[in-house]
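Report on the following structure.
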Amino acid sequence: MQAYINAEFTSDHVDTEVGDQDGVPLAIRGGGPIINTTGGQESSSRMPERTIALTFDDGPDPTWTPKILDVLRENDAHGTFFVVGSEVARHPALTKKITDAGNELGLHTFTHPNLQTIAPWRRTLELSQTQVAIARATGVHTNLARFPYSSKADAVDDTNWKLIKDAGRQGYLVVVNDLDSEDWQRPGVQQIVRNATPAGETPAVVLFHDAGGDRAQTVAALRSFIPAMKKRGYRFTTVTEGLNQSIAERTPSVPLLAENPAADKADVWRGSAVIWTVRAADGMLWLIAALFLVVGLLTIGRTLLLLLLATRHARQRRKPSWSWGPPVTEPVSVIVPAYNEKEGIEAAVRSLAGGDYPAIEVVVVDDGSTDGTAAIVERMALPNVRVVRVPNGGKSNALNTGIALARHDLIVTVDGDTIFEKDSIRYLVQPFAEPGVGAVAGNVKVGNREKMVAAWQHIEYVIGFNLDRRLYEVLNCMPTVPGAIGAFRREALAQVGGMSDETLAEDTDVTMALCRAGWRVVYEERAKAWTEAPTTLEQLYRQRYRWSYGTMQAMWKHRRALRDPGPSGRFGRVGLPFLALFGVVLPMLAPVVDLMLLYGLVFWELRETLLAWFGMLALQLFTAAVAFRFDKEPMVPLWRLPLQQFAYRQLMYLVLMQSFTTAMTGGRLRWHKLHRAGLAQRSELLDMPLPAPAPARLDPGPPTIIAPRSGSDDRASGRVAAMPVEFDPEDLPSAGSPPGGGSGPVYTG
């Protein structure tokens, strides 16, 4: 609707050749500027002698129409204003001011098109919509119409004659002009006056404009033109008043036409609908334009902040003298929550167990898998790998079970489809050399990046991990330690109550809790983990839906941090607003970029629109190139970035909108399981030897059921509860002591 009503115009003049005139009666071609084809007539009329009808096209305009009305009032003159319907709808009060001052209205179509180039139904609509808009704005009706880009009577050709007769069948007198002031060209005040001045005592319908551009010269010309013509004996009138005088002189018995007759009530009601539709369309475009500006400013601001702080972070890490501190060699427990991960679990476990870190135990927590995941790991018989079976209870429960049974105080959490590089664990735990570090986020890499959908995620991951997480570390408000590769101090986890099942994003939830508790959460880019990204849009949608919804849940859960003192308040007043602004608000407003692009390609200047879009794309490419350079990734995948704008981004819009809707309605989601094809075939990317299986052990006998003590779910005390589990009695720590000597729950067997 906005595109329809917002047609732009600059004048009533277009240089076009006059076509064939054989079908136009000589009485019309050689007649006056007022053409009457109503009721089957074919006649024309002129103004009476020494009479000028001032006509103004393209208004009303809030700047220039009031100035022209003032000039008319000062000189006791009236005119006929041929108004554009869309402008009437935008300025109804100004339109009424025209008629209240004794002036007359005429139709100049609704959107100012060339009527020769549009369909018949559209021509009818252009006139009728303007009529009802006038009816609602002023309460009057008009019998006059002037076509955009019309000229004089002698320029009427066969095509225009058909349009004039069609307007006559609708009851309109068509008005052209005798003299064109050509004020639309802004030739100077004196030239406008000369163009509008009739020869001798000849009457004239003179064309001016009260809109469509700067009309200062028009106003100035009228101030001198009207007094000058009055001195020559001319009087000024409206078209209808002058026509009535001409009719009375020729045929006194013919009824006179009413000037600004009252409108039908039905037209007034229809006009209300038109005006409110125009206002809604204008308001919507203003809203979208404002949002577009907001999105642009946020995008540019975020990009500058990313480049500034991420570059600072990267440069600091590159200094030869920089280090986390003394080498960390404490033993590490790796927790692998797994649910139906048979495709990738073997490669994942081998990569973890075969790392170059001196002391690693791997605890695979099978969360009620039905595809034999646990059996696959057991058959591997690796010496530093344990398998724990629990009934299906969700990822957070599986993680808490593994943490509770872990022997060591440094905890690494890994997804069951993730492959670690040989040195990943060693790099991942080095930040714990700083006592204040409670958690470390690793660098997640997409392993199956050959597919288009996965390649888009590869670009997103590289940018997110190598710019966003560097930025968050500098600001000390890291929102998420990724589930694919993260490390925690047992002490820190105990302080915040372990992994919560209150949100679907347990990794984001616990990271926010750690930040609020005063622990530093840092990023170690050298610790890399290869994961299998979704390869279909459906799988990607399900995954991102859960992530987005879980993040919103976590933000809502920790909203009280906005008012807290100390580290919690700092995170609440820095991290939460930052995440809300750039993680929720900006992505949800981003569709206006696509809307404006589409609108611009169809209705605005194509060149400017494309330049703006390619400028935005260039900014994204530059940002991505910086991230790829930081991560020492080849730039080749970036050729896919332009395609990402037309499919991937739109999918992310839908994901975020549905997540927001779900959050607002209080819905809940389960732990979605994505289909995996396995990354075992990509071990060549890792360039690491996998450990050989350990010799088979004796059958330890039937598993023992282990249950936590009563009260072990007391999160206030820092205890982490686990569901009843089954595991090998040989894997139990000594009775009565928590695994690894930490502050976990006490188990009895």
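The values are calculated or read from the model by the stated rules, or taken from the named source; none is laboratory data. Small disclaimer: the values here were computed from a predicted structure and weren't measured. Glycine gets a Cβ as well: all are built from the backbone with ideal geometry, and neighbour counts include every protein chain shown. For accessibility, only protein heavy atoms count, side chains too; no ligands or nucleic acids. Shrake-Rupley method; radii C 1.70, N 1.55, O 1.52, S 1.80 Å.
Per residue, the accessible area of segment 109-197 comes to 38 Å² when a 1.4 Å probe rolls over the protein heavy atoms. Rounded to whole Å, the principal axis extents of the Cα atoms in segment 614-653 read 29, 19, 16, largest first. The residues packed around G436, meaning those with a beta-carbon under 11 Å from its beta-carbon, carry a net charge of +1 if Lys and Arg are +1 and Asp and Glu are -1. With all pairs of separate Cα atoms included, segment 95-197 yields a Kirkwood hydrodynamic radius of 15.1 Å.
Please list the three semi-axes, largest first and in whole Å, of the ellipsoid equivalent to segment 395-503, using sqrt of 5 times the eigenvalues of its alpha carbon gyration tensor.
Result for segment 395-503: semi-axes of 24, 17, 14 Å.
Backbone amide hydrogens, once placed in the peptide plane, bring V362 within less than 5 Å of V334, V385, R386, excluding anything fewer than 5 places away on its chain. Averaged over residues, the count of other Cβ atoms within 10 Å places the peptides 323-335, 540-552 in the sequence 540-552, 323-335, highest first.
Given a cut-off of under 8 Å on Cα pairs at least six residues apart, what relative contact order in percent is computed for the chain?
Result for the chain is 13 percent.
The spread of Cα positions in segment 556-597, taken along each principal axis and listed from longest to shortest, comes to 45, 16, 10 Å.
Would you tally the net charge around I247, using a Cβ to Cβ cut-off of less than 15 Å, leaving I247 out, and scoring K and R as +1, D and E as -1? Result for the local shell: -2.
Within straight-line reach of K395, meaning a Cα separation under 14 Å, sit the following aspartates and glutamates at least 8 residues removed in sequence or on another chain: E341, D366, D367, D415, D417, D501, E502, E506, D507, D509.
Surface composition of the chain: carbon plus sulfur atoms contribute 57% of the solvent-accessible area (1.4 Å probe, protein chains only, all chains present).
A probe of 1.4 angstrom, applied to the heavy atoms of all protein chains, finds V414 with accessible area near 0 square angstrom. Our note on the geometry: Cα centres of segment 164-223 and segment 531-553, 64 Å apart.
With all protein chains in place and ligands, DNA and RNA left out, the 1.4 Å accessible area ranks T95, T311 as T311, T95, largest first. Shape analysis of segment 87-129 yields a ratio of the Cα radius of gyration to the Kirkwood radius, Rg/Rh, of 1.07. Once the 1.4 Å probe is applied to the protein heavy atoms, segment 513-569 comes out at 41 Å² accessible per residue.
Remark: segment 210-325 carries 56 Å² of accessible area per residue (probe radius 1.4 Å; ligands, DNA and RNA excluded). The Kirkwood radius of segment 1-114, taken over pairs of alpha-carbon atoms, gives through the Stokes-Einstein law at 4 °C and 1.567 mPa s a diffusion coefficient of 79 µm² s⁻¹.
In the chain, helical runs assigned H by DSSP with n ≥ 4 each contribute -39500 (n - 2.57); averaged across all residues and rounded to the nearest 500, the mean residue ellipticity at 222 nm is -13000 deg cm²/dmol. Rounding to the nearest 10 and keeping the result within 0 to 90°, find how far the Cα-based axis of helix 216-231 lies from the longest principal axis of the chain. Helix 216-231 sits roughly 10 degrees off the main axis of the chain.
With distances taken between every two different alpha-carbon atoms, segment 335-445 has a Kirkwood hydrodynamic radius of 14.2 Å.
With both bridge residues required to lie in the chain, what share of the DSSP beta bridges run antiparallel, to the nearest 5%?
30
Note: segment 449-546, Cα convex hull, 102 Å³ per residue. Could you point to the label whose value was computed as Rg/Rh (Cα atoms, Kirkwood Rh) for the structure here, given (1) 1.07; (2) 1.23; (3) 1.04? It is the one labelled (2). Normalised by the number of residues in segment 457-511, the average gap of Cα pairs under 8 Å and 6 or more apart makes the relative contact order 32 percent. Taking 0.890 mPa s as the viscosity and 25 °C as the temperature, the Stokes-Einstein diffusion coefficient of segment 291-369 based on its alpha-carbon Kirkwood radius rounds to 143 µm²/s. Angle, helix 648-665 long axis vs. longest principal axis of the chain, Cα atoms, 0 to 90°, nearest 10? The helix 648-665 is inclined about 80 degrees to the chain.
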